[in-house]
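The values are calculated or read from the model by the stated rules, or taken from the named source; none is laboratory data. Quick caveat: nothing in here was measured; it's all calculated off a predicted structure. Cβ sites come from the backbone with ideal geometry, for glycine too, and all protein chains shown count toward neighbours. What goes into the accessible areas is simple: the full protein's heavy atoms, side chains included, and nothing from ligands, DNA or RNA. Shrake-Rupley method; radii C 1.70, N 1.55, O 1.52, S 1.80 Å.
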Amino acid sequence: MKDLEAQDWESLKAAALACRECRLCETRRTVVFGEGDPGARVMFIGEGPGKTEDETGRPFVGRAGELLTRIIENGMGLNRSDVYIANVVKCRPTVDQKGTRDRPPDPEETAACSPYLVRQIELIQPEVIVTLGNPSTRFLLNTSVGITRLRGNWAEYRGIPVMPTYHPSYVLRNGGEKSPLRKDVWHDIQMVMNRLGLPVPGK
Ligand code: URA
């Protein structure tokens, strides 16, 4: 595992862009380092780049990203550029490395890539982290418990409050705009807004 402890933003990003620590480097088109405000109060962490992210080098810009952006902008009343968005792995994992169907990162890929995320969190020192789905929640909370049980409850990563919630792709796969899971996500996001002192509409 890489020791990235003393790296500043520039050298951390340069190391990530040149990284060959796991097999995902063989099939990636771009490294999706993460983007947003390095002084953000809130950080969102997903699992790994999908097709559009791999093509553009930006996190959460496909369909799931559009939903995440709506949550941040319409729900929380922030600009996407006010927060920081990253993933557990920075290169796109696909089934059989064929570049067709996405899959969650495996434990080796997560172990190889997570030092980048750990250093990003250290540099940002956000007031709150929102983990999106199982891989980021399990990694940060060091647990095998599933998101359905963990979501909606505050947890902690190295002293930073963590709110686990469903991944936007999971919401889209389970009813999309009409998904009953949207109510749960909105509940979790409101908890984050309360903690940050952001005004919650209708309250
Ligand atoms: N899903 C993720 O977890 N991350 C992205 O960047 C895009 C889709």
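Values as computed for the structure displayed
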{"quantity": "Surface accessible to a 1.4 Å probe, per residue, for the residues of the chain, Å²", "calculated": "49"}
{"quantity": "Using θ = phi - 60° and Karplus 6.51 cos²θ - 1.76 cosθ + 1.60, couplings along the range 54-61 (whole Hz; Gly, Pro as x)", "calculated": "4, 6, 9, x, 10, x, 6, 10"}
{"quantity": "Estimated FRET transfer efficiency (V200, S144; beta-carbon r; R0 35 Å; 0.05)", "calculated": "0.60"}
{"quantity": "Accessible-area order (highest first, 1.4 angstrom probe) of the listed residues R41, R20, R151, R182", "calculated": "R20, R41, R182, R151"}
{"quantity": "Over 28 Å [Cα-Cα, the chain], rounded percent", "calculated": "21"}
{"quantity": "Contact order normalised by residue count of the range 20-95, Cα under 8 Å, 6+ apart, percent", "calculated": "48"}
{"quantity": "Within the range 10-137, percent of DSSP bridges classed antiparallel, to nearest 5", "calculated": "25"}
{"quantity": "Sequence-separation-based contact order of the range 82-154, relative, with Cα cut under 8 Å and 6+ spacing, percent", "calculated": "24"}
{"quantity": "Value of relative contact order over the chain, rounded to a whole percent, pairs C-alpha under 8 Å and six or more apart", "calculated": "22"}
{"quantity": "Count of lysine pairs in the chain with Cα separation under 15 Å (8 or more residues apart, or interchain)", "calculated": "5"}
{"quantity": "Top of A111, A14, A64 by mean-square fluctuation, Gaussian network on the chain, Cα under 10 Å", "calculated": "A14"}
{"quantity": "Gaussian network model of the chain, Cα within-10 Å springs - most flexible of V162, V95, V32", "calculated": "V95"}
{"quantity": "Length gained when the stretch R63-A155 is fully extended (0.36 nm per residue, less Cα-Cα span)", "calculated": "30.3 nm"}
{"quantity": "Cα centroid separation, the range 36-70 to the range 169-203 (Å)", "calculated": "17"}
{"quantity": "With every protein chain in place, the range 60-203: carbon and sulfur % of accessible area (1.4 Å)", "calculated": "49"}
{"quantity": "Solvent-accessible surface (1.4 angstrom probe) belonging to M191, in square angstrom, nearest 10", "calculated": "50"}
